[in-house]
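Scroll down for the structure; my scribbles are underneath it.
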Amino acid sequence: MKGFLGTGATFHADLNLLAQFAMGLALLGGMLLARKKRFAAHGICQATVMLLNLVAIALVMWPSFRAFEPQLPGALRDRYFAVATVHATLGIAAELLGIYIVLVAGTNILPQRLRFQRWKPWMRAELALWWLVLLIGVGTYYVWYLAPEAKATPRATAMPVGRVTVKVTNFAFIPREASVKTGTTVAWVDDAGRHSVEADDSSFKSETLVSGKQFEHTFTQPGVYAYHCGLHGAAGGKDMAGVVTVVK
Ligand code: HEM
Ligand SMILES: [Cu+2]
């Protein structure tokens, strides 16, 4: 599903971006409450943000992270994965530290020796870490959806015989439409991100590709072959999808 910010990001990514900004601002508001010594309201505000963010992590960020996590550490050479990995690692730290602070400040669950006494430095550190993670999250959004290489526009081209290459990138096949003669081998070459190439009619299907890997299929019968990325598209030309038209 396409997002609503007009950047080419997914709907979930756009929603997450706005929600994360709202939560970051709510934490700053919560800090002001503490300054005004309204500690009960402060505690409720910060704890609520922590919990809501767990939902955003579970629904959007953790699945996106798990999709490329098996490729680590090799994938770190790619800026696309590197920024998201730094973000995710610090994000996990921020979330755990936040949960710890909520447990100490808001409950009696932890034994005395595991509790901190001086609240200010812990809470300041958490707020600073949180905003660092938020900014690196914005950086992730930029690299994934806004950077020039994420934005190459799909266009149709006619290509003749032999062998043609389709670039697989975030989040498009370039060209989206290719016309080839019967007997042509099409090579889909991944140059950014994790993707797959799957025929809508299941006549061909790649493994999950990572940057630098490719998948080939030779078309021996004329026809119109619609395909899509199993991670970012769907049959019927939705989102990350393409068509190979094979003529006699
Ligand atoms: C303090 C906690 C966190 C904050 C403030 C935060 C903030 C953000 C923001 C603003 C974005 C950009 C919007 C987007 O692309 O969805 C983002 C994306 C992302 N974050 Fe986080 N995040 C946090 C924790 C985490 C954690 C714990 C993980 C992973 C375990 C994580 C992994 C990701 C990934 C993989 C993306 C790209 C998601 C996508 O676009 O599909 N984040 N984050
Ligand atoms: Cu894809």
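The values are calculated or read from the model by the stated rules, or taken from the named source; none is laboratory data. Nothing here was measured: the structure is a model prediction, and the numbers come from that model. Don't worry about glycine lacking a Cβ; one is built from the backbone with ideal geometry, like all the others, and counts go over all protein chains shown. Quick note on the areas: whole protein, heavy atoms, side chains included, nothing else; ligands and nucleic acids left out. Shrake-Rupley method; radii C 1.70, N 1.55, O 1.52, S 1.80 Å.
Here's the yes/no breakdown for (1) open to solvent by 70 Å² or more (accessible area, probe 1.4 Å); (2) modelled with pLDDT of 90 or more; (3) away from ligand 1 (no atom under 14 Å from the Cβ):
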| position | (1), (2), (3) |
| --- | --- |
| T7 | no, no, no |
| M50 | no, yes, no |
| F65 | no, no, no |
| F68 | no, no, no |
| P73 | yes, no, yes |
| R79 | yes, no, no |
| A88 | no, yes, no |
| G106 | no, no, yes |
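Could you say whether any residue in the stretch 112-126 is under 22 Å from F171 (Cα atoms), modelled with pLDDT under 95 and assigned to a loop (DSSP other than H, G, I, E, B)?
Keep residues of the stretch 112-126 that are under 22 Å from F171 (Cα atoms), which gives none.
No, because not a single residue in the stretch 112-126 is under 22 Å from F171 (Cα atoms), modelled with pLDDT under 95 and assigned to a loop (DSSP other than H, G, I, E, B).
Can you list the strands (runs of 3 or more DSSP E) found entirely within the stretch 156-248 that contain at least 2 residues being at pLDDT 90 or above and away from ligand 2 (no atom under 11 Å from the Cβ)?
Fully inside the stretch 156-248 and qualifying: 185-190, 214-218, 223-234, 238-247.
Among the residues of the stretch 181-201, write down those that are within 16 Å of ligand 1 (Cβ to nearest atom), open to solvent by 10 Å² or more (accessible area, probe 1.4 Å) and not small (G, A, S). Break it down stepwise before answering.
Restricting attention to the stretch 181-201, the residues satisfying the condition of being within 16 Å of ligand 1 (Cβ to nearest atom) are 192-195.
Then drop every residue that is not open to solvent by 10 Å² or more (accessible area, probe 1.4 Å), which leaves 192, 194.
Listed by number, the list holds a single entry, R194.
Taking the stretch 1-28 as the search range and keeping residues that are part of a helix (DSSP H, G or I) and of a type outside the set (A, V, I, L, M), which one is farthest from ligand 2 (Cβ to nearest atom)?
Just the residues of the stretch 1-28 that are part of a helix (DSSP H, G or I), to begin with: 11-28.
Restricting the remaining residues to those that are of a type outside the set (A, V, I, L, M) gives 11-12, 14, 16, 20-21, 24.
On the way: F11: 15, H12: 14, D14: 17, N16: 18, Q20: 23, F21: 26, G24: 29 Å.
The selected residue is G24.
Output the number of residues of the stretch 171-180 satisfying the condition of being among the β-branched types (V, I, T) and open to solvent by 10 Å² or more (accessible area, probe 1.4 Å). Quick ask: steps written out before the conclusion?
Initial filter on the stretch 171-180 (among the β-branched types (V, I, T)): 174, 180.
Imposing the further condition that a residue be open to solvent by 10 Å² or more (accessible area, probe 1.4 Å) reduces the set to 174.
Number satisfying all stated conditions: 1.
Quick one: in the stretch 94-142, of everything that is small (G, A, S) and touching a residue at least 40 places away in the same chain (Cβ under 8 Å), which residue is nearest to A22 (Cα to Cα)? Break it down stepwise before answering.
Of all residues in the stretch 94-142, those small (G, A, S) come to 94, 98, 105-106, 125, 128, 137, 139.
Next cut, touching a residue at least 40 places away in the same chain (Cβ under 8 Å) only: 98, 105-106, 137, 139.
Numbers: G98: 17, A105: 23, G106: 23, G137: 14, G139: 17 Å.
Looking at residues that are small (G, A, S) and touching a residue at least 40 places away in the same chain (Cβ under 8 Å), I get G137.
Quick one: how many residues across the stretch 202-211 are farther than 17 Å from W144 by Cα and either of a type in the set (K, R) or surrounded by fewer than 21 Cβ atoms within 10 Å (Cβ to Cβ) (or both)?
Quick first cut of the stretch 202-211, residues farther than 17 Å from W144 by Cα only: 202-208.
Now narrow it down to the ones that are either of a type in the set (K, R) or surrounded by fewer than 21 Cβ atoms within 10 Å (Cβ to Cβ) (or both): 202-205, 207-208.
The qualifying residues number 6.
Just need a number here: residues in the stretch 29-47 that are open to solvent by 60 Å² or more (accessible area, probe 1.4 Å) and either among the hydrophobic types (A, V, I, L, M, F, W, C) or not in a helix (DSSP H, G or I) (or both). It would help to see each step written out before you state the result.
Let us first name the residues in the stretch 29-47 that are open to solvent by 60 Å² or more (accessible area, probe 1.4 Å), namely 31-32, 35-40, 44.
Checking the rest, the ones that are also either among the hydrophobic types (A, V, I, L, M, F, W, C) or not in a helix (DSSP H, G or I) (or both) come to 31-32, 36-40, 44.
The number of residues fulfilling the criteria is 8.
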